[in-house]
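Student: Below you will find the structure I want to go over with you.
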Amino acid sequence: MPDIADARANIMQPGKQRTPATAWLQRSAKLWFVATAFGQLLFILFILAFYYRSTLAGNFAAWDSKPIIDGYIQGDRIGNLAFAGHVLVAAAMITAGLLQLVPAIRARHPAIHRWVGRMFMTSALLLAFGGLWLVWVRGTYMNLIGAAGISLNAALIIWFAAMAWQSARRRQFVAHRQWALRLFIVANAVWYMRIGYMIWGISTGGAGIGEAMDGPFDYFLAFGNSLVPLALMELYLRVGKSGSGGARLAMAVALLVAATATAGGSAAAWFVMWYPYI
Ligand code: HEM
């Protein structure tokens, strides 16, 4: 049975031998985490300032003061309550996910790691099932391809949460780390979607983005918001386990690019999508 030390292994540590390539990979993974934390804190800030303020004050109609598909619908008590729950849980889930990646908490406070982990997985599942309800029962979607893309995201969240939970219970900590990292990525796909729109919109002037989210880029991003970051994470996990020096260096460069895109896209989302409405 794997030792508890496995659980305390640095999640950002891609290999045991610290060759120069491994050291570079570790450095860029840390930088990726810093950029991720920066961008997610901005998203959390927006959710608190915009959604928590209006929802906790009972002013559901204020949701519609920003562009949104449905948000508040007069007379739809259950749908409005479901959406209120969705946005309230969202900030809790993103915060819990971030805390799970802080190495010091995992290493020094395993009990906190376990409790925050349960909170992260439970809230990710609530968002996935609740989100599926919003799409397929309340009917909140712009087009069927977008609905299919976000539903794939929900399915991946449910699958990865089940695997991360099961491997933790069985104390298979190496497998747990991998499933938990995959879950972290797909649970944050809606945030990656906003980053994707910002980077693409700014660099192309909005090519392929349709009025009703029905352009080729919209269709690509409907699935790409989960699958592109997940592919990068899979590569990272594989290269970290058995990659050559060259592969580790290439992965370090890819993570640097991802960190830059994450920080830049999140800052742009703050100024374009979030700050103007709070
Ligand atoms: C698991 C992580 C998730 C987080 C953190 C999250 C967060 C959010 C936030 C912050 C909003 C408000 C949108 C805005 O102001 O632009 C929202 C809306 C929404 N989400 Fe999620 N969500 C998640 C997963 C999902 C999933 C998996 C689905 C569907 C299967 C989903 C479906 C929806 C729908 C339908 C809306 C309403 C959009 C509207 O009325 O315009 N969400 N979500």
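Student: In the stretch 4-277, with Lys and Arg counted as +1 and Asp and Glu as -1 at Cβ, which of these residues, 245, 120, 191, has the Cα nearest the positive end of the dipole, that is, farthest along it?
Tutor: Highest projection toward the positive end goes to 245.
Student: Taking the Cα centre of the chain as the origin, how large is its charge dipole in debye, to the nearest 20, when only Lys and Arg (+1) and Asp and Glu (-1) carry charge on their Cβ atoms?
Tutor: That gives a dipole near 1420 debye.
Student: Mind ranking 146-157, 243-254 by how tightly packed they are, going by the mean number of other C-beta atoms within 10 angstrom, highest first?
Tutor: Those peptides, ordered most packed to least, come out 146-157, 243-254.
Student: Given contacts defined as C-alpha pairs under 8 Å and at least six residues apart, what's the relative contact order of the chain, whole-number percent?
Tutor: 30 percent
Student: Would you mind getting the Kirkwood hydrodynamic radius of the chain from its Cα pairs, rounded to one decimal in Å?
Tutor: Result for the chain, one decimal place: 19.7 Å.
Student: Taking θ = phi - 60°, what integer Hz values does the Karplus form 6.51 cos²θ - 1.76 cosθ + 1.60 yield along the stretch 38-55, in sequence order, with x for Gly and Pro?
Tutor: 4, x, 6, 5, 5, 5, 4, 4, 4, 4, 5, 6, 8, 7, 5, 4, 6, 5
Student: When only alpha-carbon atoms are used, what values of Rg and Dmax, in angstrom, describe the stretch 107-233?
Tutor: Looking at the stretch 107-233, its Cα Rg and Dmax stand at 16.4, 50 Å.
Student: Could you tell me the ratio Rg/Rh of the stretch 193-278? Both radii from Cα atoms, Rh via Kirkwood.
Tutor: 1.07
Student: How do the peptides 175-185, 114-124 rank, highest first, by the average count of neighbouring beta carbon atoms within 10 Å per residue?
Tutor: Values: 175-185: 21.6, 114-124: 19.1.
Ranking, from highest mean packing down: 175-185, 114-124.
Bear in mind that the values in this text are calculations on the coordinates, not laboratory data. As the structure is a computational prediction, the values presented were derived from the model and not from experiment. Glycine gets a Cβ as well: all are built from the backbone with ideal geometry, and neighbour counts include every protein chain shown.
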